[in-house]
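Reading through the structure tokens given below for one structure.
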Number of protein chains: 2
Amino acid sequence: MDQEILKKYSNVDECPVRNVLDRIGNKWTLLVLLVLEEQQVLRFNELHTYISTISQKMLSVTLKSLEADGLVKRTIYPQVPPKVEYELTARAQSLLPLIHNLVDWSKTHINAIKTSRKHYELVTRK
Amino acid sequence: MDQEILKKYSNVDECPVRNVLDRIGNKWTLLVLLVLEEQQVLRFNELHTYISTISQKMLSVTLKSLEADGLVKRTIYPQVPPKVEYELTARAQSLLPLIHNLVDWSKTHINAIKTSRKHYELVTRK
DNA sequence: ATAAAAACTAACCTAAACGTAAGTATCCAA
DNA sequence: TTGGATACTTACGTTTAGGTTAGTTTTTAT
């Protein structure tokens with residue numbers, strides 16, 4: 001990793017992985033992806049009942065950014081009242097195994113990490 | 001994923017993977033991990049020259065949280081002026097392969113994602 | 001007496017993320 | 001004519017992440 005690359009990757013816009021992590025690193029995206037993976041196709045309000053603690057606004061924002069990145073496909077049925085369905089794209093499917101690896105790693109290490117955090121708080125005392 | 005689990009994992013504090021992603025999802029953590037992986041052992045100012053665009057404050061904050069999570073080991077040498085060395089722990093080493101997978105996935109898909117974003121902007125027009 | 005060196009910390013500020021509550025559009029059924 | 005159904009949007013307010021600049025500590029070298 002030379003200085004050129006480092007300078008470039010320090011810039012969030014130009015760093016591929018930051019472009020991706022800025023999305024899956026936010027509060028709701030992962031949960032939406034995992035629920036859609038399990039349920040395959042869901043309407044807006046169905047997603048909302050699965051993830052009851054998300055606000056309508058944040059669900060809307062999250063779905064929009066997933067759709068913009070081509071990770072979720074949105075289908076509108078011209079009805080009244082409206083019907084809109086959401087499902088994962090192949091691109092999202094290819095990302096999900098990596099996410100599951102992260103989930104597994106986290107589950108494996110979370111207890112030790114929490115212990116480390118407590119210990120750190122104790123020794124740094126304040 | 002039943003309702004109980006979902007309710008639990010909607011809470012950031014109790015969700016293992018959110019506990020992890022909240023850290024690696026922030027602006028500087030990944031870069032610090034990757035530089036330390038390559039260089040193995042670095043002092044504070046050495047890290048700062050490798051990642052020149054980070055402020056001292058954010059480098060300090062980032063290293064502290066990595067240390068708290070047991071991902072970075074900090075060694076103080078009782079000298080004047082002080083000498084402090086940082087290096088990755090085994091826990092961090094076990095996480096790095098997953099991070100590299102994410103980096104690879106991002107590099108593979110970033111162009112298509114950026115194209116999707118542009119297209120989305122066009123069709124949603126405003 | 002002053003400065004230099006390393007590794008920070010403190011005080012302050014801004015912008016972005018996130019949350020809450022209410023409103024919008026459309027048609028149909030009562 | 002009112003209300004319900006669905007999928008949102010808008011207009012706020014609050015919280016958190018991150019940035020900037022200056023200051024702190026300690027001892028040795030000048």
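Non-local amide H neighbours of A:Leu88 (under 5 Å, H modeled in plane, Pro and chain starts lacking H): which ones?
Counting only residues 5 or more places away or on other chains, the set is A:Lys73.
Tell me, how many Å apart are the Cα centres for region A:102-122 and for region B:19-72?
Taking the Cα centre of each part, region A:102-122 and region B:19-72 sit 18 Å apart.
For region A:32-49, take each phi angle, set θ = phi - 60°, evaluate the Karplus expression 6.51 cos²θ - 1.76 cosθ + 1.60, and give the result in whole Hz per residue in order, putting x for glycine and proline.
Working through the residues one at a time gives 4, 4, 5, 5, 5, 4, 6, 9, 6, 10, 9, 8, 3, 5, 5, 4, 5, 6 Hz.
Hey, what number do you get for chain A at 222 nm if only DSSP H runs of n ≥ 4 count, each worth -39500 (n - 2.57), divided across all residues, to the nearest 500?
Values: 6 runs with 83 residues, N = 126.
Only helices count here, giving -21000 deg cm²/dmol.
Starting at the first residue of region A:21-30, write each ³J(HN,Hα) from the Karplus equation 6.51 cos²θ - 1.76 cosθ + 1.60 with θ = phi - 60°, in whole Hz, x for Gly and Pro.
5, 4, 8, 6, x, 8, 5, 10, 4, 4
In nm, what does the list of distances from B:Thr49 to its counterparts in the other copies look like, shortest first, when each label sits 7 Å along Cα to Cβ?
Listed shortest first, these distances are 6.2 nm.
Just the number, please: Stokes-Einstein D of region A:38-114 in µm²/s, Kirkwood Rh from C-alpha pairs, 20 °C, 1.002 mPa s. If you can, show how the numbers build up before the last one.
Details: Rh = 14.3 Å.
The Stokes-Einstein estimate is 150 µm²/s.
Tell me, for the rotation carrying A onto B, which chain A residue has the beta-carbon closest to the axis and what that distance is in whole Å.
Taking Cβ atoms only, the nearest residue and its distance are A:Gly25, 1.
Run through region B:28-126 and list the GluC sites (Glu not before Pro) located in a DSSP loop whose Cβ has at most 16 other Cβ atoms within 10 Å. Kindly include the intermediate steps, with their values, before the conclusion.
Values: sites: B:Glu37, B:Glu38, B:Glu46, B:Glu67, B:Glu85, B:Glu87, B:Glu121; in loops: none.
The qualifying sites: there are none.
What are the ³J(HN,Hα) values, in whole Hz, obtained from phi via the Karplus relation 6.51 cos²θ - 1.76 cosθ + 1.60 with θ = phi - 60°, for each residue of region B:61-78 in sequence order, with x given for Gly and Pro?
Residue by residue, region B:61-78 yields 4, 5, 5, 4, 6, 5, 5, 4, 7, x, 9, 10, 9, 10, 10, 9, 9, x Hz.
Counting only protein heavy atoms and using a 1.4 Å probe, what share of the accessible area of chain B belongs to carbon plus sulfur, as a whole percent? Please report the intermediate quantities before stating the final value.
On the way: 3650 of 7010 Å².
Result for chain B: 52 percent of the exposed heavy-atom area is carbon or sulfur.
Tell me, what is the per residue accessible area of chain A in Å², probe radius 1.4 Å? Intermediate results must be reported in sequence, preceding the final value.
Working: 7010 Å² over 126 residues.
Value for chain A: 56 Å² per residue.
Please give the charge dipole size of region A:3-89, origin at the Cα centre, charges +1 on K and R Cβ atoms and -1 on D and E Cβ atoms. Round to the nearest 20 debye. Kindly include the intermediate steps, with their values, before the conclusion.
Values: 11 positive and 11 negative charges, 50 e Å.
Roughly 240 debye, rounded to the nearest 20.
If the label for B:Asn101 sits 7 angstrom from Cα along the Cα-to-Cβ line, what are its distances to the same label in every other copy, in nm to one decimal, shortest first?
Shortest to longest, the spacings are 0.4 nm.
The values are calculated or read from the model by the stated rules, or taken from the named source; none is laboratory data. As the structure is a computational prediction, the values presented were derived from the model and not from experiment. Please note: Cβ atoms are built from the backbone with ideal geometry, for glycine as well, and neighbour counts cover all protein chains shown. With ligands, DNA and RNA removed, areas are computed over all heavy atoms of the protein, side chains included. Shrake-Rupley method; radii C 1.70, N 1.55, O 1.52, S 1.80 Å.
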